[in-house]
Amino acid sequence: MHIDTIEPNQALPVDRGYVLSMVIRTFKGRRDVEVHLYRSAWDEAEMDTYDWGHLLGGTIQRKEGQSADPDSSKKVLLEAFTREERDQIIDYLSQRYASRLTKITAAPLGFPIPQGLVPLSSFPEGKTIGTIKLDKIPNYSLPFPVRGLYDLSRHKPLVEAKTDSNE
């Protein structure tokens, strides 16, 4: 398993500013499934502790008729991890799931965070998009809840569908 920890070029403006992903070797009939990890719960009072004027940037262009939740980019930050949490997650995953993972990537968020980003927890589950609730798996040992978002449609199936050459 490869662990890629990207350090920020400069000090982050807040402690909570790291994102992580992992690649599962095989998952739900797919190969090398990338799962984006996020913190799924936080104290609502934490939102009031940040100077959002310095943390948020310009607004992302949206298609006509689409609106953005004004707090969505704030939630992107609240779903991120501190350096200590990042290191705990890497240790946990590399010890518990080393044989099932091919890669773990940790990187800093880009600041300022564009307004209008959609937090990972807001993606609706469907036919190919789903959530792994790591914190609900037996013997979960991290002191904070972690979830993972995946999209199976972005990954190759383990067995390629055969086409009938007679058609």
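The values are calculated or read from the model by the stated rules, or taken from the named source; none is laboratory data. The structure displayed is predicted, hence computed values, not measured ones. All Cβ positions, glycine included, derive from the backbone under ideal geometry; neighbour counts span all protein chains shown. Heavy atoms of the whole protein, side chains included, go into the accessibility calculation; ligands, DNA and RNA do not. Shrake-Rupley method; radii C 1.70, N 1.55, O 1.52, S 1.80 Å.
To the nearest 10 degrees, how steep is helix 83-96 against the longest Cα principal axis of the chain, on a 0 to 90 scale?
So the inclination is approximately 20 degrees.
Using amide H atoms built 1.01 Å from N in the peptide plane, name the residues 5+ places from GLN115, or on other chains, whose amide H lies under 5 Å from its own.
GLY57, GLY58, THR59, ILE60
Let's test the formula: R0 of 22 Å, r as the Cβ-Cβ distance of MET1 and SER121. What FRET efficiency results, to the nearest 0.05? Working shown, then result.
On the way: r = 26 Å, r/R0 = 1.19.
For R0 = 22 Å, the calculated efficiency reads 0.25.
Which of the aspartates and glutamates could a cross-linker span from LYS74 if the Cα-Cα distance has to be under 17 Å and same-chain partners fewer than 8 positions apart are dropped?
List returned: ASP15, ASP43, GLU44, GLU46, ASP48, ASP51.
For the chain, state the average projected area of the convex hull of the C-alpha atoms over all orientations, rounded to one decimal in nm². Intermediate values should be presented prior to the final figure.
Working: hull surface 53.3 nm².
It is 13.3 nm².
Say R0 is 25 Å: what FRET efficiency, to the nearest 0.05, do LYS103 and ASP71 get from their beta-carbon distance? Let's see the in-between values first.
On the way: r = 32 Å, r/R0 = 1.27.
Computed FRET efficiency for LYS103 and ASP71 comes out at 0.20.
With every protein chain in place, what's the accessible area of TYR150 (1.4 Å probe, Å², nearest 10)?
For TYR150, the solvent-accessible surface is approximately 20 Å².
Name the residue, out of PRO108, PRO138, PRO13, whose mean-square fluctuation peaks in a Gaussian network model built on the chain with Cα pairs under 10 Å.
Residue with maximal mean-square fluctuation among PRO108, PRO138, PRO13: PRO138.
Check LYS28: other-chain or 5+ apart residues with amide H under 5 Å from its amide H, H built from backbone geometry?
For LYS28, no residues qualify.
Quote the charge dipole size of the chain about the Cα centre in Debye, to the nearest 20; the model charges only the Cβ of Lys and Arg (+1) and of Asp and Glu (-1). List each step's numbers first, then the result.
Values: 22 positive and 24 negative charges, 153 e Å.
Dipole magnitude for the chain comes out near 740 debye.
FRET efficiency for PHE111 and LYS133, Cβ-Cβ distance as r, R0 = 30 Å, nearest 0.05? Intermediate values should be presented prior to the final figure.
Values: r = 29 Å, r/R0 = 0.96.
The calculated FRET efficiency here is 0.55.
Just going by the charge dipole of the stretch 1-64, with Lys and Arg at +1 and Asp and Glu at -1 on Cβ, which of THR26, TRP42, HIS2 is farthest out on the positive end?
Value computed over the given set: THR26.
Full extension from MET47 to GLN10: what is 0.36 nm times the residue separation minus their Cα-Cα distance, to one decimal in nm? Could you put the intermediate results ahead of the total?
Values: separation 37, 0.36 × 37 = 13.32 nm, distance 2.35 nm.
Taking MET47 through GLN10 to full extension adds about 11.0 nm, to one decimal.
Heavy atoms only, probe 1.4 angstrom, no DNA, RNA or ligands counted: give me SER72, SER122 ranked by accessible area, highest first. Before the final figure, lay out the partial values.
Values: SER72 5, SER122 65 Å².
Accessible-area ranking of SER72, SER122, largest first: SER122, SER72.
In percent, what relative contact order does the stretch 2-154 have, based on Cα pairs under 8 Å that are 6 or more apart in sequence?
Details: 248 pairs, mean separation 58.3, N = 153.
Across the stretch 2-154, relative contact order equals 38 percent.
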